[in-house]
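First up is the structure itself, then whatever we jot down about it.
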Amino acid sequence: MSKPRTYKTEAVIIKKTKLGEAGRILTLYTPQLGKIQAVAKGVRRPRSKMAGHLELLTHSQLSLARGRNLDTVIGAQTISSFLPLKTDLDLTSYALYATELVNQFAADNVEDQPLFQLLVETLQNLSQGGDNELIMRYFELHLLDMAGFRPQLEHCVACKSALKDAANLFSPAAGGMLCPGCRQNQLAYPLSENARKVLLLLQHSDYSAVSGLEIDRELSHQLEMVVRNYIRYLLEREVKSTAWLDSVRGQIDDNQIRPYSPTTPTKT
Ligand SMILES: [Zn+2]
């Protein structure tokens, strides 16, 4: 029996590129089909009825028609627009970083329903407001787990001994913790016992159980650096959105220090 010519799926729009005069190629993350690409015709025209349902970071119900190469979106209905993610630049940058990581770690056409759930949950959590850094660390740790790169935080990966409250290190190449005796010549980052415990807790909990954690700025920064360095090592290059996240934050920090002061226009 041949496959039906059209099918329906839920999807989160995780990437878009221009195609021709008015179309786009969308990268979609779906519950059953994993990551797929599809063509959306005419969605860059102002009167496109589908455009609003196919915006980046939108969770939609789609109808697609099979094509020889790429399938084509023929219908779209928003399930969640995650509006705050589109109106707050800071939230936009976090959400795009999350979708970029899904795009980087997920293989094409491989079903991974837990990852789809994690992505939707993360966009929801960001939309609802909370500690954005905590939301991201939770997302990263669970994504790493699902992608087969769960960092080993419970014991030293080299000698397997239990970790004492000492100067332990995290080694991206070893994929986990090293005790002071096993450091040798590996590139590794110091990880405080507090930070290790928070990461372990995030790894082993549902988001609802950790959402109330209060993490001070210094600890938050340490968690961000260690997880980001590990992800960077795994992807062997800087994730593009990370750089953007930094630049957006830079702008926001600049604005806080230096209030906007328009320069006096000069008449010519
Ligand atoms: Zn050791």
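The values are calculated or read from the model by the stated rules, or taken from the named source; none is laboratory data. Remember, it's a predicted structure, so these values are computed and weren't measured experimentally. Quick reminder, even Gly has a Cβ in these numbers, built from the backbone with ideal geometry, and neighbours come from all protein chains shown. Quick note on the areas: whole protein, heavy atoms, side chains included, nothing else; ligands and nucleic acids left out. Shrake-Rupley method; radii C 1.70, N 1.55, O 1.52, S 1.80 Å.
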Task: Amide H within-cut-off set for I74, under 5 Å, with H built and near neighbours excluded - done: S63, L64, A65
Task: Qualifying GluC sites (Glu not before Pro) for the range 44-134 [loop in DSSP, other Cβ within 10 Å: at most 13] - done: E111
Task: Cβ-based charge dipole, the range 98-164, positive-most Cα from L118, C159, A98 - done: C159
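Net charge near F170, counting Lys/Arg +1 and Asp/Glu -1 over other residues with Cβ under 14 Å of its Cβ?
Working: positive: R137, R150, R183, R196, K197, R228, R232; negative: E140, E154, E193, E224.
Computed value for this residue: +3.
Of all accessible surface on the chain at a 1.4 Å probe, what whole percent is carbon and sulfur? Could the numbers behind the result be given before it?
On the way: 7430 of 14840 Å².
Its accessible area is 50 percent carbon and sulfur atoms.
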Task: Diffusion coefficient, µm² s⁻¹, Stokes-Einstein with Kirkwood Rh over alpha-carbon pairs of the chain at 25 °C and 0.890 mPa s - done: 119
TODO: Enumerate the calculated ³J(HN,Hα) couplings along the range 207-217 in order (Karplus 6.51 cos²θ - 1.76 cosθ + 1.60, θ = phi - 60°), each rounded to whole Hz, writing x wherever the residue is Gly or Pro.
DONE: 4, 4, 7, 10, 4, x, 4, 9, 10, 6, 4
Task: Student exercise, the range 119-164 dipole from Lys, Arg, Asp, Glu Cβ charges, in Debye to nearest 20 - done: 300
- [ ] Would you mind counting up the charge near L213? Only other residues with Cβ under 13 Å from its Cβ, with Lys and Arg at +1 and Asp and Glu at -1.
- [x] -3
Open item on the list: Over the chain, with the other protein chains present, what is the accessible area per residue in square angstrom, probe 1.4 angstrom?
Closed with: 55
- [ ] Under a 10 Å cutoff between Cα atoms, tell me which one of N194, N103, N125 has the largest fluctuation in the Gaussian network model of the chain.
- [x] N194
Task: Computed magnitude of the charge dipole of the chain (debye, nearest 20; Cβ of K, R +1, Cβ of D, E -1) - done: 1440
- [ ] Positive end of the charge dipole of the chain (Lys, Arg +1 and Asp, Glu -1 on Cβ, about the Cα centre): tell me which of Q203, F139, L19 has its Cα farthest that way.
- [x] L19
